[in-house]
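Reading through the structure tokens given below for one structure.
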Amino acid sequence: MSEFAREVLSQPDLWRRGAALARAEPSLLPRPGARVVLLGCGTSLYVAEAVAAYRESAGLGETDAFTPSEMPLSRRYDLAVAISRSGTTTELLDALEALAPSTPLLAITAVEDGRLARLVPDRIVLAWADERSVVQTRFATTVLAMLLGHLGWDVEASARRAELALELEVPEQVDVVRQFVFLGRGHSAAIAREAALKLRETVGAWTEAYPTRELRHGPIAAIGPHTLVWVLDAEEPSIDDEVVATGARLVRGAGDPLAELVRVHRVAGHLADLRGLDPDSPRFLTRSIVLDGGGGTMR
Ligand code: F1P
């Protein structure tokens, strides 16, 4: 079994641990009403976006999320939350250097030491959720469970649904799908972007992701019998008929995008096995993107 597959299976229990940590140490996490920005790259960006959307929609305060290289430095925040499994991602560290010391910082990472530790004294280190696979699953979803749990999400219910998702068969004939399109609204739109990234990273699949209502504004013209459209939440059911009319296959989640993401993880592992790909070390990917001064990648 790949590390990826093992890490996927371990998620529900780690989510419970993340949520328990948020309950035990709420003072470390954003207080209601604070203006907050969350920063991360790749998977960590989509975690940041999901939390930002959920927090703001729950009325808990204005919340932005950016990939650090695109963060507008003119905005003022009460707290910047950096999410990075490795703690070594160059763009993130550069952005934190630019924000400090005027903006209070919090880092959520899997690794104790390094430049992130020197830059950010306040850290939540989830070493127990770290991964061997280059491709992130459980670290990201555990951060999500911890932060969403702090905002009122029922993590236990999601963990139970994820346990069921781990038992389900993957959608039939998923191996003949040429294009995967993930949809969702609000925080689910961000989780849709993460689902799309996961299949890109593990099997190099052709994937796209949109806020559900955006499908009608152009992308629908490019879907058809070669497409699987996967809606991660229970929103906007009226789009189902429009999708089916194109000849595309439709998979619709039961309303819990976290549990649905676990189903996507399983599809990723299944396709990697079928195609003889190593989901732990995808081509051209490294655990962390560390740039030299000129913007090139150092491996
Ligand atoms: C972020 C990240 C991963 C991606 C790849 C490169 O890392 O973009 O999401 O899969 O491994 O790094 P991190 O800042 O969370 O360590």
Self-check item: Residues within segment 73-126 that are open to solvent by less than 40 Å² (accessible area, probe 1.4 Å), assigned to a loop (DSSP other than H, G, I, E, B) and away from the ligand (no atom under 12 Å from the Cβ), tallied
Solution: 4
Quiz item: Do we have any residue at all in segment 16-34 that's within 13 Å of the ligand (Cβ to nearest atom) and open to solvent by 10 Å² or more (accessible area, probe 1.4 Å)?
Solution: no
Quiz item: Does Glu201 count as under 23 Å from Ser10 (Cβ atoms) and surrounded by fewer than 20 Cβ atoms within 10 Å (Cβ to Cβ)?
Solution: no
Self-check item: Residue in segment 38-59 that is within 23 Å of Ala189 (Cβ to Cβ), more than 16 Å from the chain's Cα centre (by Cα) and assigned to a loop (DSSP other than H, G, I, E, B) present
Solution: yes
Self-check item: Filter pass, Glu131 being open to solvent by less than 20 Å² (accessible area, probe 1.4 Å), charged (D, E, K, R) and in contact with a Leu (Cβ under 7 Å, 6 or more places away or on another chain)
Solution: no
Self-check item: Pairs, first in contact (Cβ under 8 Å) with a residue 12 or more places away in the chain and over 21 Å from His187 (Cβ atoms) in segment 213-242, second open to solvent by 80 Å² or more (accessible area, probe 1.4 Å) and part of a loop (DSSP other than H, G, I, E, B), C-beta under 6 Å, six or more apart
Solution: His226/Arg178
Quiz item: Could you give every pair whose Cβ atoms fall below 6 Å, whose first residue belongs to segment 168-195 and is touching a residue at least 40 places away in the same chain (Cβ under 8 Å), and whose second residue is part of a helix (DSSP H, G or I) and surrounded by fewer than 16 Cβ atoms within 10 Å (Cβ to Cβ), counting only separations of at least 6 or pairs across chains?
Solution: Asp175/Leu274; Gly186/Ser57
Practice problem: Kindly indicate whether Ile223 is more than 26 Å from Ala140 (Cα to Cα), hydrophobic (A, V, I, L, M, F, W, C) and either within 16 Å of the ligand (Cβ to nearest atom) or surrounded by 17 or more Cβ atoms within 10 Å (Cβ to Cβ) (or both). | Solution: yes
Exercise. Could you tell me which residue of segment 134-161 is most open to solvent (accessible area, probe 1.4 Å), considering only residues that are more than 11 Å from Gln11 (Cβ to Cβ) and not in a helix (DSSP H, G or I)?
Key: Asp154
Self-check item: Members of segment 1-37 that are of a type in the set (Asp, Glu) and part of a loop (DSSP other than H, G, I, E, B)
Solution: Glu25
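The values are calculated or read from the model by the stated rules, or taken from the named source; none is laboratory data. Being a predicted model, the structure only gives us computed values, none of them experimental. Methodologically, a virtual Cβ is constructed for each residue, glycine included, from the backbone with ideal geometry; neighbour enumeration extends over all protein chains shown. What goes into the accessible areas is simple: the full protein's heavy atoms, side chains included, and nothing from ligands, DNA or RNA. Shrake-Rupley method; radii C 1.70, N 1.55, O 1.52, S 1.80 Å.
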